[in-house]
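A.B. asks: I have a structure here, written as structure tokens, and I will follow up with some questions on it.
The values are calculated or read from the model by the stated rules, or taken from the named source; none is laboratory data. The model shown is predicted, which means the values in this text are computed figures rather than measured ones. For neighbour counting, all protein chains shown are included, and Cβ atoms are generated from backbone atoms with ideal geometry for every residue, glycine included. We work out accessible area using only protein heavy atoms, side chains counted, and drop any ligands, DNA or RNA first. Shrake-Rupley method; radii C 1.70, N 1.55, O 1.52, S 1.80 Å.
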Amino acid sequence: MIQSLRGMRDIAGREARIFQWIEERARYFFELYGYREIKLPVMERTELFSRGIGDESDIVQKEMYTFEDRKGRSVTLRPEGTAGVVRHYIENGFDKRDPLKKFYYSGAMFRYERPQKGRYRQFYQFGVEAFGMESPLIDADTIAMLVDYFRDIGIESPLVKVNNIGCPGCRPDYNRALQGYLRNHEERLCPDCRKRIETNPLRVLDCKRESCRKVVADSPDIADFLCDSCRSYDEEFQKLLSARKIPFERDRFLVRGLDYYVKTVFEIHGGEGAQNALMGGGRYDGLVEALGGQPVPGFGFAIGVDRLASLLMETSLFEDDPGKLFMVWNLEEQALLLEKCDILRKCGVSVDFLPDKRSFSNQLKYAHRQGYRHVVILGEEEALSEQIHLKNMETGDETYVSPYDIIEHLI
RNA sequence: GUGGGUGUAGCUCAGCUGGUAGAGCAACGGAUUGUGGCUCCGUUGGUCGUGGGUUCAAGUCCCAUCAUCCACCCCA
């Protein structure tokens, strides 16, 4: 038997419906807030990601699906969406002549990782990117959009965590202070974090180990090191979130994995298990320049659709589908069956039937097992009438109705 | 990449210190060829993940491999 590849899965049945719904609502909200769709290639030159995400990042180092194409060029299946959007932005010269742009994208991403709960090698994300805007207004407005969206699709109380991780002007000061503090407590840190003291001290802040978290609890707070510009930016940002009545908490241990982030970073959490971050994002003012464009500020986020879907699978969303009909039929002239189905479908009702002849009893049994709430009985008698012989499978009631108001009877 | 758990019917699982595979549910047929659910009867379905080894004999023991789950690293 040929199986699907490791970490790759089929999304079918109710989960597929939930995926569709999640995406439909996201599109609605993104459009409402002025973002416009962009469809991007699933494969890019490897260089785009190594430069965009950072050569030393784990994603680039060990998680990319990288191949040589037939001409020997190195190509990579996208591990995230931002780099592609930035490439599009620069390729079209928007950075030089028309910098204010808001995009959203959606699709499959690929990372060669060990699968676990809420993590797959092919996974689905959608996200937005706003270019040319350096104002807490865009940060706060976009987070407000997200909270509205999460509530709309039925995530009761999304947990919004925000932080400000400074800019190239002030973060080095903080890094030095943090390094100094961590060196003094090095013996209490895990081996990974000991290395991080030199390579990326910020990452020690979000280590999951109990011992490291104790050390970090008394570490210097970045808020005390922000430059005037970052500080006032953050103050205004939090003021705007409060004014918009967005429940959030500042988490000073929230740092993001991708090194292009500056100032605002944020995550929204929900659900069980270790992989419970539903989305993450932040400001990346240096990224466009790093990929060869003009220095243009950016802000964006990505939502993990698989994780959202698995959360909604726990609810009763789409558990039944009252609007569909099943034809229980027995006719000499089979064309009549198709004719009747056609009429009903033109009235906007989903109709299905079994294509082989079986007894009424048998067909009803089937309809019942499939969970149909209503069936249409179509025998030689009904074939002569304009009326539809409708049976409610829950009450057992049978009525004759016109196909044009059948929808009324299906609720 | 690291650590641990699990692979037996479509699903959930049983199968003792090795002796030739079982239950429940589901599916399908019938009791009921114009009426489902409840009940009863019957039927189908398994190279025990795969490959190798030990043995007279392996679902059971050993090795390898693949898949899956959970956690770490990292991230959505």
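A.B. asks: With a/c under 1.5 counting as rounded, go ahead and sort the stretch A:178-220 into rounded, prolate or oblate using the C-alpha gyration tensor (a ≥ b ≥ c being the square roots of the eigenvalues; past the cut-off, prolate if a/b is larger than b/c, else oblate).
C.D. replies: Values: a/c = 1.27, a/b = 1.10, b/c = 1.16.
Taking the square roots of the gyration eigenvalues as a ≥ b ≥ c, the stretch A:178-220 is rounded.
A.B. asks: Also: Using only the alpha carbons of the stretch A:230-366, determine the length spanned along each of the three principal axes and report them from longest to shortest in whole angstroms.
C.D. replies: 79, 36, 30
A.B. asks: Please check: in the Gaussian network model of chain A (C-alpha springs, under 10 Å), which one of A:93, A:84, A:293 has the largest mean-square fluctuation.
C.D. replies: Result for chain A, Cα springs under 10 Å: A:93 fluctuates most.
A.B. asks: What is the set of long-range amide H partners of residue A:124 at a cut-off below 5 Å, with H atoms built 1.01 Å from backbone N?
C.D. replies: Residues meeting the amide H criterion: A:109, A:305, A:306.
A.B. asks: Could you report the stretch A:324-410's accessible area per residue, 1.4 Å probe, as an integer in Å²?
C.D. replies: Here the residues of the stretch A:324-410 average 58 Å² of exposed surface.
A.B. asks: I'd like to check one number: the per residue accessible area of the stretch A:170-228, probe 1.4 Å, reported in Å² as a whole number. Don't skip to the end; give the middle numbers.
C.D. replies: On the way: 3370 Å² over 59 residues.
Accessible surface, normalised per residue, equals 57 Å².
A.B. asks: Then there's this: Would you calculate a helix-derived [θ] at 222 nm for chain A, using -39,500 (n - 2.57) for each DSSP H run of n ≥ 4 and dividing by the full residue count, to the nearest 500? Kindly include the intermediate steps, with their values, before the conclusion.
C.D. replies: Details: 15 runs with 151 residues, N = 411.
Computed mean residue ellipticity for chain A: -11000 deg cm²/dmol.
A.B. asks: If you don't mind, there's one more thing I want to ask. Rounded to whole Hz and in sequence order, give me ³J(HN,Hα) for the stretch A:351-364 from the Karplus expression 6.51 cos²θ - 1.76 cosθ + 1.60, θ = phi - 60°, writing x for Gly and Pro.
C.D. replies: So the J values, rounded to whole Hz, are 10, 9, 7, 8, x, 10, 6, 9, 5, 4, 4, 4, 5, 5.
A.B. asks: Additional query: Taking a temperature of 25 °C and a viscosity of 0.890 mPa s, what whole-number D in µm²/s does Stokes-Einstein yield for the stretch A:63-156 with Rh from Kirkwood over alpha carbon pairs?
C.D. replies: Working: Rh = 15.9 Å.
Taking Rh from Cα pairs, D becomes 154 µm²/s.
A.B. asks: Let me ask something else. Specify the angular offset, from 0 to 90 degrees and rounded to the nearest 10, of the alpha carbon long axis of helix A:171-184 from the longest principal axis of the alpha carbons in chain A.
C.D. replies: 80
A.B. asks: Can I ask one more? Expressed as cubic angstrom per residue, what is the convex hull volume of the alpha carbon set of the stretch A:130-267?
C.D. replies: On the way: hull volume 16.6 nm³, N = 138.
That works out to 120 Å³ per residue.
A.B. asks: Related question: Of all GluC sites (Glu not before Pro) in the stretch A:229-306, which ones are in loop regions per DSSP and have a Cβ with at most 16 other Cβ atoms within 10 Å?
C.D. replies: On the way: sites: A:235, A:236, A:249, A:267, A:272, A:289; in loops: A:272.
Counting only loop positions with at most 16 other Cβ atoms within 10 Å, the GluC sites (Glu not before Pro) in the stretch A:229-306 are A:272.
A.B. asks: A further question on this structure: Please give the Cα centre distance for the stretch A:198-261 versus the stretch A:45-94, rounded to the nearest Å.
C.D. replies: So the two Cα centres are separated by 28 Å.
A.B. asks: A further question follows. Taking chain A as the reference, fit the longest principal axis to its C-alpha atoms, fit the long axis of helix A:13-32 to the helix C-alpha atoms, and give the angle between the two in degrees, 0 to 90, nearest 10.
C.D. replies: Helix A:13-32 sits roughly 60 degrees off the main axis of chain A.
A.B. asks: Here is a further query. Considering amide H positions built from the backbone, and no H for Pro or chain starts, which residues 5 or more places from residue A:65, or on another chain, come under 5 Å of its amide H?
C.D. replies: Those lying under 5 Å, H to H, from residue A:65 are A:77, A:112.
A.B. asks: How much of the accessible area of the stretch A:178-220, in percent, comes from carbon and sulfur atoms when a 1.4 Å probe is used? Numbers along the way, then the final one.
C.D. replies: On the way: 1080 of 2540 Å².
Of the solvent-accessible surface of the stretch A:178-220, carbon and sulfur hold 43 percent.
A.B. asks: Dipole magnitude of chain A about its Cα centre, charges +1 at Lys/Arg Cβ and -1 at Asp/Glu Cβ only, in debye to the nearest 20? Write down the numbers at each step before the final one.
C.D. replies: Numbers: 59 positive and 67 negative charges, 340 e Å.
Once rounded to the nearest 20, the dipole reads 1640 debye.
A.B. asks: Mind jotting down a quarter of the surface of the convex hull over the alpha carbons of the stretch A:1-139, in square nanometres, one decimal? Intermediate values should be presented prior to the final figure.
C.D. replies: Details: hull surface 45.5 nm².
The Cα convex hull of the stretch A:1-139, projected and averaged over all directions, gives 11.4 nm².
A.B. asks: Taking K and R as +1 and D and E as -1, what net charge do the other residues with C-beta under 9 Å from the C-beta of residue A:390 add up to? Walk me through the numbers on the way to the answer.
C.D. replies: Numbers: positive: A:391; negative: A:397, A:398.
Spelling it out: positives minus negatives among the neighbours equals -1.
A.B. asks: Residues with amide H under 5 Å of residue A:190's amide H, sequence separation 5 or more or different chain, H placed in the peptide plane at 1.01 Å from N; which?
C.D. replies: A:212
A.B. asks: Suppose we look only past 18 Å in the calculated P(r) of the stretch A:324-410. What percent of the Cα-Cα pairs does that tail hold?
C.D. replies: For the stretch A:324-410, the share of Cα pairs beyond 18 Å comes to 35 percent.
A.B. asks: Whole-Hz ³J(HN,Hα) for each residue in the stretch A:36-48, computed from phi via Karplus 6.51 cos²θ - 1.76 cosθ + 1.60 with θ = phi - 60°, x for glycine and proline: what do you get?
C.D. replies: Values, residue by residue: 10, 6, 9, 9, 10, x, 8, 10, 9, 4, 3, 4, 4 Hz.
A.B. asks: For residue A:8, tell me the accessible area in Å² from a 1.4 Å probe, rounded to the nearest 10.
C.D. replies: 40
A.B. asks: Longer than 25 Å from Cα to Cα, which of A:71/A:96; A:117/A:245; A:101/A:245; A:161/A:239 are they? Say none if no pair is. Let's see the in-between values first.
C.D. replies: Details: A:71/A:96 32 Å; A:117/A:245 32 Å; A:101/A:245 27 Å; A:161/A:239 15 Å.
Beyond 25 Å: A:71/A:96; A:117/A:245; A:101/A:245.
A.B. asks: Once phi is turned into θ = phi - 60°, what whole-Hz ³J(HN,Hα) does the Karplus curve with 6.51, -1.76 and 1.60 give for every residue of the stretch A:130-147, x standing for Gly and Pro?
C.D. replies: 10, 10, x, 10, 10, 8, x, 4, 6, 4, 5, 5, 5, 5, 4, 4, 4, 5
A.B. asks: Where the Cα atoms of chain A are projected onto their three principal axes, how long is each span, largest first, in whole Å?
C.D. replies: 89, 54, 47
A.B. asks: If you don't mind, there's one more thing I want to ask. Distance between the C-alpha centers of the stretch A:159-190 and the stretch A:375-400? Whole Å please.
C.D. replies: 71
A.B. asks: Tell me the carbon and sulfur percent of the accessible area for the stretch A:300-411, rounded to whole percent, probe radius 1.4 Å. Don't skip to the end; give the middle numbers.
C.D. replies: Numbers: 3070 of 6260 Å².
The value for the stretch A:300-411 is 49 percent carbon and sulfur by accessible area.
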